[in-house]
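Below: the structure, in structure tokens.
The values are calculated or read from the model by the stated rules, or taken from the named source; none is laboratory data. Computed from a prediction, not measured in an experiment: that's the story for all the values here. Glycine gets a Cβ as well: all are built from the backbone with ideal geometry, and neighbour counts include every protein chain shown.
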Amino acid sequence: MTDTNHLSSPTGIPAAQQEQPIPRTPPAPQPGAPAGSAGRLGPVLVSNKSFVLTWLFALLLGIFAVDRFYLGKIGTGLLKLFTLGGLGVWVLVDLILVLTGTQRDKQGRMLAGYDQNKKIAWIVSAVVIALSMLISGVNAATNPQEATSSAVAPVATADSVETTEPKPVETTAPVEEAAPVEETQAPEPPTPAIPADFASALVKATSYSQNMHMSKTGLYGQLTSEYGERFSPEAAQYGVDNVQADWNANALAKAKSYQETMAMSPESIREQLTSEYGEQFTAEEADFAIQHLND
């Protein structure tokens, strides 16, 4: 019989002495890396910015761009603030980015606590959006309609007719009284019709003043901005001049919003109220807001 231990391989080395392949195990995934990324993408850097805070800011204060300011994205945060969250579209997009884990901080790092809190964030966001839609539908359904009532002329009855006795006929001819001379008045000139875009600008100005508590200068900028309402300067000026607004009250409402949501100091609030990159209130309106901040 032939000794199989001495059989040679094509390389000239006995088959029994050739090295056997060493099994290799895949490297363990790095902490913070997504599943299946170990050994390929490397570890994913985790930010010191909280996912929970970013999600709450995006859900509740997204129209003020608080979520982007928190992540350090000042440039896009200011653009989002001045456009009122892209008229709501940007707010929804940022909320979806946060919920799907796509949103990153300024350095491109993943938000801390996403995996642990993403389920509860999705559930709460869905409940809040559903409740908002339900409340809006109920308010629209219960809004009282203006009813027009037709005036009905009273019908004369027999009881309401006074019976009078016939008067004796006078024998003397009655003296004719001179008819009063009616004064002729010149007709009043017709009131000029308001152009449609002027009326629309006034409606928009009233809405922004009541809901967003904007300043007079900020309101004019929003009406004329190419990222806002894009009214003509004349229509925007008409809307600002004719809106029924208390600018001191608007400044106070903005100041209280900054104090409650961002815990800013009075001097920081004053600067934000008067800044040309902020609310653009006058110094007198900002002073009124600071004086009554704690009322």
Quiz prompt | Per-region count, region 113-136, residues crowded, with 16+ Cβ neighbours inside 10 Å and either out of contact with any helix residue (DSSP H, G or I) (no Cβ under 6 Å at 6 or more places or on another chain) or within 20 Å of residue 90 (Cα to Cα) (or both) | solution = 3
Quiz item: What pairs come up if the first residue lies in region 89-103 and is within 20 Å of residue 116 (Cα to Cα) and outside the structural domain of residue 52 (by TED's automatic domain parsing), the second is surrounded by 14 or more Cβ atoms within 10 Å (Cβ to Cβ) and modelled with pLDDT of 85 or more, and their beta carbons are under 9 Å apart, counting only those six or more places apart or on different chains?
Solution: none
Practice problem: Quick one: which residue in 287, 246 is modelled with pLDDT of 90 or more and farther than 12 Å from residue 215 by Cα? | Solution: 287
Practice problem: Please determine, by comparing only the residues of region 274-295 that are under 21 Å from the mean Cα position of the chain (by Cα) and touching a residue at least 40 places away in the same chain (Cβ under 8 Å), which one is farthest from residue 64 (Cα to Cα). | Solution: 281
Practice problem: Would you be able to tell me the number of residues in region 62-78 that are under 20 Å from residue 280 (Cβ atoms) and under 13 Å from the mean Cα position of the chain (by Cα)? | Solution: 4
Practice problem: Taking residue 214 as meeting all but one of (1) at pLDDT 90 or above; (2) assigned to a helix (DSSP H, G or I); (3) closer than 23 Å to residue 88 by Cβ, write down the number of the exception. | Solution: (2)
Quiz item: Which of the residues spanning region 253-292 are surrounded by 14 or more Cβ atoms within 10 Å (Cβ to Cβ) and among the charged types (D, E, K, R)?
Solution: 254, 256, 270, 279, 285, 287
Self-check item: Qualifying residue in region 184-201 (condition: surrounded by 13 or more Cβ atoms within 10 Å (Cβ to Cβ) and within 30 Å of residue 70 (Cβ to Cβ))
Solution: no
Quiz item: What number goes with the only condition from (1) under 30 Å from residue 193 (Cα atoms); (2) in a loop (DSSP other than H, G, I, E, B) that residue 234 does not pass?
Solution: (2)
